[in-house]
1. Can you work out ³J(HN,Hα) from phi for every residue in region A:118-132, in order, using Karplus 6.51 cos²θ - 1.76 cosθ + 1.60 and θ = phi - 60°, giving whole Hz and x for Gly and Pro?
2. Per residue, how many Å² of accessible area does region A:78-223 show with a 1.4 Å probe?
3. Which shape class, rounded, prolate or oblate, goes with region A:61-205 when its Cα gyration tensor gives a ≥ b ≥ c as root eigenvalues, a/c under 1.5 marks rounded, and past that a/b bigger than b/c marks prolate?
4. Using the crude model of +1 on Lys and Arg Cβ and -1 on Asp and Glu Cβ, and no other charge, please compute the dipole size for chain B relative to its Cα centre, in debye to 20.
5. Starting from a label point 7 Å past Cα on the Cβ side, list the distances from A:ARG136 to the same position in the other copies, nm, shortest first.
6. Can you give the mean number of other chain Cβ atoms that lie within 10 Å of the Cβ atoms in peptide B:195-201?
7. Toward the positive end of the charge dipole of the protein assembly as shown, about the Cα centre and with charges on Cβ (Lys, Arg +1; Asp, Glu -1), which of A:GLN108, B:ALA12, B:SER78 goes farthest?
8. Can you work out ³J(HN,Hα) from phi for every residue in region B:99-104, in order, using Karplus 6.51 cos²θ - 1.76 cosθ + 1.60 and θ = phi - 60°, giving whole Hz and x for Gly and Pro?
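The values are calculated or read from the model by the stated rules, or taken from the named source; none is laboratory data. What you see is a predicted model; the values in this text were computed from it and never measured. Virtual Cβ from ideal backbone geometry, glycine too; neighbours counted across all protein chains shown. What goes into the accessible areas is simple: the full protein's heavy atoms, side chains included, and nothing from ligands, DNA or RNA. Shrake-Rupley method; radii C 1.70, N 1.55, O 1.52, S 1.80 Å.
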Number of protein chains: 2
Amino acid sequence: MGSRGQPEESRAAILQAAAKEFAELGIAGARTDAIAREARVNKALLYYYFKDKETLYGAVLDHAFSGMKAKVFRVLDSDLPPREKIMAYAGEYFDFIASNQIYPKLMQREMMRAREGNSVHIDRLIKTYFQPIYRRVGALLREGIAEGEFRKVDPAHFVPSMISMIVFYFSSAPVMQRIVRFNPLSPRRIAQRRAAVLDFISAALFQPRAGTAMAVRKSGVRT
Amino acid sequence: MGSRGQPEESRAAILQAAAKEFAELGIAGARTDAIAREARVNKALLYYYFKDKETLYGAVLDHAFSGMKAKVFRVLDSDLPPREKIMAYAGEYFDFIASNQIYPKLMQREMMRAREGNSVHIDRLIKTYFQPIYRRVGALLREGIAEGEFRKVDPAHFVPSMISMIVFYFSSAPVMQRIVRFNPLSPRRIAQRRAAVLDFISAALFQPRAGTAMAVRKSGVRT
DNA sequence: CATGACTAATTAACCAGTTAGTTAGATTAT
DNA sequence: ATAATCTAACTAACTGGTTAATTAGTCATG
């Protein structure tokens, strides 16, 4: 009680509980009472740290996307050649999502909300995260094409294709689990998925050449 | 007013308005008043035809998915050889979604809701629609592999990969539009996407053989 | 004149956001 | 040193606007 409990801890607990609730139920379905209960704080504390529900939701989005951007840009800023870099990018993105499985849900929710006026956050998110990443990956693809390494794909289609294969798998896992008999989120299956995605991408992107040794980086992922 | 207006029309108007509202805002965000207004009927009429909001939502889902299943099964039941059939399947699925763009939103919403207990509908949807389609496409893939036409892909990964590329494009279009300068939903771009998806799939699935003439059914578009 | 189609008005529950505080510890005054 | 004062962190209880759902009926037609 009282003024203890390290404010940072409380704030972080709220943010984490909110991320879970928003990812699962969306902003309309999320209940501030549930977030407070999950974070083990009084509901009024949410409003002490964040202006309102919408602002809290925005903070959750920024937290998730900034983490992703940081990870992914470390790869995109490296000086790998195009083939290795695009594989490393996809792998890094995959690993981020595999260990932050609320991210794909938040992302898809926000994508669907992005009709004019529906989301106060989407413009900021696009400008801060999506646009820079898209530009960078697009440039990488054009570079690979120019060097004759990649097939002449259209980045505006290829980028969303890559993202979709990674993001969709995780957000559809609960349904998948009921269709097939195994658990799509077991470490074994996640590793398989990683390999499948990278295989799919290289098959669709790389210009076939002699002795194509497909480079599928091993995955250090936990569930 | 009174007992006129053909009940079928009213029911259909409600269903259509509800589909739009649910797709855009999810079940929690949807407002029954908005649905009634959009359908130009009194709100109580929703409850005359459907037990409650949740039941109406279920009816919307069944309507959307049964339409899709019918379309897709006409292809899957045909006697095309594996290569042509899988392309025809993907093409048909793509065309269905392209002309029913609320479908991908409803689908993704329901996928994210599918945590134990969260959705009353998911078990029925899986049993009635997803499971049968998945089994049929899985069998088709295994057939193609057995005949040496397809690479040895894992259906449990390949099927969601195909679906994701098709579904994700449409639900992410509003965001994409703000990242790139063109409209991803223009007929021209949709045709391009169709070609890109089919190209992507054939590149990743077909066993390379001499004289590979890529078969891109109708809407003959180049990337 | 019964029945299916439909509605205006109302109700009950829910839930985001507020209020009016309390508590614990840091800071200053004595 | 210690009492007085301040402030950030936190909470129990409440409020009012919103919204799903119901009620009690009207209207048209076979």
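1. Values, residue by residue: 5, 10, 6, 9, 4, 4, 4, 4, 4, 5, 7, 10, 5, 3, x Hz.
2. Accessible area per residue, region A:78-223: 42 Å².
3. Since a/c reaches 1.5 but b/c is at least a/b, the shape of region A:61-205 is classed as oblate.
4. Here chain B has a charge dipole of around 540 debye.
5. Inter-copy label distances (nm, one decimal, shortest first): 4.4.
6. 4
7. Of A:GLN108, B:ALA12, B:SER78, it is B:SER78.
8. Values, residue by residue: 9, 9, 6, 7, 3, x Hz.
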